[in-house]
Amino acid sequence: MLSKSETMRKLLLAMLIWVTVANCEAQTPPAPKNIDSIISLTNADYDMGNIPAGRPLEYNVTIKNISKDPLILKEVKAGCGCTTPKYRSNEQILPGKSTYITLGFNGDAHGGFSKVADIYFNDGSLTKQVKFRGVAVADSSVVKPRVSNANK
């Protein structure tokens, strides 16, 4: 038979283990929010088509807050040095309102290219990746729009 002190030690150890396990379960992080239910984007997967090699280009990505809570645009990180984001850091986007970021590409490519940028919201826990792609070609092979002579 166990002595009183041994029984108390085993009981105390069992309680300590139970509290530790219960505490670990209580610290499970909340499920991440679905960013697509919070924002809508235009030009999130943008095809630049054929572009002149070596010529910088820019395009805009519009971000609309479709949630009922304000959103903070924290940061935009380009996937490489040939892409330059322009945005207003810490800009608040109210429910139903929109803002935009501008992504610039320096044109330093020959042939097909694909680039990404990550957009961070609030405390950085909400992110969305946008992409753009195209084909950099010699300047003379880019199809230029016709100029109409109808007004002359």
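The values are calculated or read from the model by the stated rules, or taken from the named source; none is laboratory data. From a predicted model like this one, the values you see are computed outputs, not experimental measurements. No Cβ is skipped: glycine too gets one built from the backbone with ideal geometry, and neighbour counts run over all protein chains shown.
Looking at region 82-93 only, could you name the residues that are of a type in the set (S, T, N, Q), loosely packed, with under 15 Cβ neighbours inside 10 Å and closer than 27 Å to residue 133 by Cα?
Within region 82-93, 89 is the sole residue that qualifies.
When the residues of region 94-111 are narrowed to those that are hydrophobic (A, V, I, L, M, F, W, C) and under 15 Å from residue 128 (Cα atoms), which ends up surrounded by the most Cβ atoms within 10 Å (Cβ to Cβ)?
103
Residue 23 fails exactly one of the following numbered conditions: (1) loosely packed, with under 10 Cβ neighbours inside 10 Å; (2) modelled with pLDDT of 70 or more. What is the number of that condition?
Result: residue 23 fails condition (2) only.
Inspect all residues belonging to region 72-81 and state whether any of them is within 29 Å of residue 135 (Cβ to Cβ), modelled with pLDDT under 95 and over 12 Å from the mean Cα position of the chain (by Cα).
yes
How about region 33-55: which of its residues are among the aliphatic types (A, V, I, L, M) and touching a Ser or Thr at 6+ places or on another chain (Cβ under 9 Å)?
Residues satisfying the conditions are 35, 38, 39, 41.
Is there any pair linking a residue in region 126-140 that is without any contact (Cβ under 8 Å) to a residue 60 or more places away in the chain to one that is surrounded by fewer than 15 Cβ atoms within 10 Å (Cβ to Cβ) and in a strand (DSSP E or B), with Cβ under 6 Å and at least six apart or on different chains, and which?
129/118
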